[in-house]
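Colleague: Pasting a structure here, questions to come.
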Amino acid sequence: TPGTKQSESSDYEPSLPVTEKSNPLTRDIDRASPSGIVGMLEACDAQMFQRETGTNYQRLFDDQVVTTLTEVAKRVELILKDPQDSLVVLSGCGTSGRLAFFISRFNEALKQLNRTLVYSYIIAGGDRALLSSQEAPEDDPELGMLSLQKVCEGKKRVLFIGVSCGLSAPFVAGQLDFCLQHPEVYTPVLLGFNPTHQARDEPIPGCTFTFRSVAQRLQELAQRRKAFLINPAVGPEAISGSSRMKGGSATKIVLEVVFLLYINKGIAASKKTSCLLHSGILQHMREYERAVEMTYQHREGIAALVENEGGVCYLGWGPMAFLGLMDASECNPTFGAGERKKRWRGFIRGGYKDLNNNEGPLSSLGPDFCIAHEDFLHQVLPSLTDRDTVLLIYTQSDDLHEVVNLGRKVREKTSNIHAVHHRTDSVEALLNKLCIFDTFWQWELSTKLVLNAVSTGAHILKGKIYRNHMIDLQVTNSKLYRRAARLLQKLSGQAETECEGALLKAIYRADKLTEEITSCDITAHTQVARSAKKVVPLALVSLLTAHCVVALAPSVCECVRARGNGPCDYKALWVLNRTIQVSATSTSTISS
Ligand code: F1P
């Protein structure tokens, strides 16, 4: 599409990597109807599979990318052949870490084939980050390195797959650097969606390397197949920088097409030649492409779900339920959706027993970590109203009686109950369990797309997106801090220093920038920002200083649209902000 060519041309937002650019296809997504929103998401997702874009970026289907995947597949095979002292470790931060966990469930497939389990995961911030936003550990390369060392203790051969969609997370850079220092044990693989020259080059405190320098070292070793770099471009995100969307989907596709080769229909991996592996990878990628197309054939059904007003609960069965937990956990950091009460929640049938995470039950961390259907019945159902939406997520493999029973209970409280249900009518699939397993991965991708569309669309309608930018993102790590400063510059048209100044004042709730504030580093700023609400909207409003406009505007986005140029009056803004907070009836007012 012209959108891809435009966004990937070298003079389109040249200072930004692909994953941070704004997508020309979604420039007006904040003004679109629910069906229009889903249509734009469909066009953006289709970019993942585009073959020729007329640019220099590598794409998913490019020969070079598929060849690298083939090489990585061979390394997986070596580990599967000698599983006792070996491991495949998947690691990442935020959504990338959640997907590392999710994809490490390939162990279940190995179990069915009576093989030793070899997959392991690491998520920055530990298992609590599976269910909530823990952005700060992403900035800690030493923590990354130490957690890798711990997982791999005593192993002789490790295939390490570090996922950072933006080629940016210091946590992953630390792990890759560690692998490079110990080549006798570790083969490092970096997965992300920017070309190497766009990897983040910001100095990492206490380190001699940047993400880019690590990526460049990997690139050199990749020529001798001692390391691997999988970094096709999949086009900018529908919501700028929201790598949970395409970045997450492409992560799932890329890793699964490799891992699937060894469980698909039980064919012994060792019998596969490079050529067979290559065509197997291509075939799986086409199947995923088809799954994406089929998902969006339900455009109107998805669009109907986008229009929700109250809370949203995902009630899932089987592994698919985790996708609900994941999507719900991302709403808070992405859209600033966690004020008042937690509005998006996910539940999995048997709770932690079904989740099967490394650290076991986490319910003691608080109500947000109570994730079983039982918890839903006790904590949420009693106060459910017609304004709330419940989405059941299940497949033909789940107990339909259970689904119906729970559905009935929900139905007594709200008529707003819907389902994402997958089934197959293919005789081959019904006869062959492994074949269903194969289809399962595509059902999961399809579910991910639906949930991402529902939560993204709903927050767009609530006024949390301006053009295609997250306007109320949390500023809880250095990447998000830089993104926020850039956004302020773009939307206010003011100089970099002024924008950073406004950002700091909003973080520290200060009228003036004191020496005490300016002498702190970004880590300190982001720590303070963790407990500050509405940082970016406030900084933006203060830059635009259109408080009379704010008073009339239903949302901060409206305020930006109607921007004025009056002098800055922080006191007036504070008073105004407080006044609106008291009188707010809608979550999209300036108070939110
Ligand atoms: C990791 C990540 C995202 C999250 C947010 C902060 O990004 O945690 O998953 O949505 O943007 O960063 P990456 O390392 O995969 O680029």
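Colleague: Can you pick out the pairs among K150/K462; K409/K533; K413/K462; K111/K226 whose Cα atoms lie more than 32 Å from each other?
Modeller: In this structure, K150/K462; K409/K533 lie more than 32 Å apart at Cα.
Colleague: Something else about it: Given the protein chains as shown and a 1.4 Å probe, how many square angstrom of V151 are accessible, to the nearest 10?
Modeller: 50
Colleague: OK, next. Placing +1 at every Lys and Arg Cβ and -1 at every Asp and Glu Cβ, with all other atoms neutral, what dipole size does the chain have around its Cα centre, in debye to the nearest 20?
Modeller: Using Cβ point charges on Lys, Arg, Asp and Glu, the chain gives about 260 debye.
Colleague: So, for the chain, what is the accessible surface per residue at a probe of 1.4 Å, expressed in square angstrom?
Modeller: Spelled out: the 1.4 Å probe surface of the chain, per residue, equals 40 Å².
Colleague: Evaluate E = 1/(1 + (r/R0)^6) for H378 and L513, where r is the Cβ-Cβ distance and R0 equals 41 Å; express this FRET efficiency to the nearest 0.05.
Modeller: Efficiency, from the Cβ-Cβ distance: 0.30.
Colleague: Related question: At a probe size of 1.4 Å, how large is the accessible area of D62, to the nearest 10 Å²?
Modeller: Roughly 50 Å² of D62 is accessible to a 1.4 Å probe.
Colleague: Could you give the angle, 0 to 90 degrees to the nearest 10, between helix 246-260's Cα long axis and the longest principal axis of the Cα atoms of the chain?
Modeller: Once rounded, the angle reads 10 degrees.
Colleague: How many nm separate the modelled label positions at A532 and Q494, each set 7 Å beyond the Cα in the direction of the Cβ?
Modeller: Calculated label separation equals 1.3 nm.
Colleague: Provide the FRET efficiency to the nearest 0.05 for the S415-R31 pair, computing r from the beta carbons and using R0 = 41 Å.
Modeller: After rounding to 0.05, the efficiency reads 0.90.
Colleague: Amide H to amide H under 5 Å from D472: which residues, 5+ apart in sequence or cross-chain, H placed 1.01 Å off N in plane?
Modeller: Placed amide hydrogens put nothing under 5 Å from D472.
Colleague: Considering the options T55, C93, A169, tell which one lies farthest towards the positive end of the dipole of the chain, charges being +1 on Lys and Arg and -1 on Asp and Glu at the Cβ, about the Cα centre.
Modeller: Highest projection toward the positive end goes to C93.
Colleague: Do you know the relative contact order of the chain, to the nearest whole percent, from alpha carbon pairs under 8 angstrom that are 6+ apart?
Modeller: About 14 percent, as a whole number.
Colleague: Quick query: amide H of Y121 versus all other amide H atoms, modeled in the peptide plane; which residues come in under 5 Å with a sequence gap of 5 or more or a different chain?
Modeller: L90
Colleague: Can you tell me how much longer the chain between H298 and K5 gets when fully stretched, taken as 0.36 nm per residue apart minus their C-alpha distance, in nm with one decimal?
Modeller: 102.8 nm
Colleague: Carbon and sulfur atoms: what percent of the 1.4 Å accessible area of the chain do they account for?
Modeller: 51
Colleague: In whole Å, what are the extents of the chain along the principal axes defined by its C-alpha atoms, from largest to smallest?
Modeller: Sorted from largest, the Cα extents of the chain read 72, 60, 48 Å.
Colleague: Additional query: Would you grab the residues whose amide H sits under 5 Å from the one on N23? Only those 5+ places off in sequence or on another chain, please, with H modelled 1.01 Å from N.
Modeller: Hits under the 5 Å cutoff: S240.
Colleague: With only Lys, Arg, Asp and Glu charged, each at its Cβ (+1 for the first two, -1 for the last two), find how big the charge dipole of the range 1-132 is about the Cα centre; round to the nearest 20 debye.
Modeller: For this selection, approximately 420 debye.
The values are calculated or read from the model by the stated rules, or taken from the named source; none is laboratory data. What you are looking at is a predicted structure, and each value in this text was computed from that prediction instead of being measured. Because the Cβ atoms are built from the backbone with ideal geometry, glycine has one as well, and the counts that use them run over all protein chains shown. Heavy atoms of the whole protein, side chains included, go into the accessibility calculation; ligands, DNA and RNA do not. Shrake-Rupley method; radii C 1.70, N 1.55, O 1.52, S 1.80 Å.
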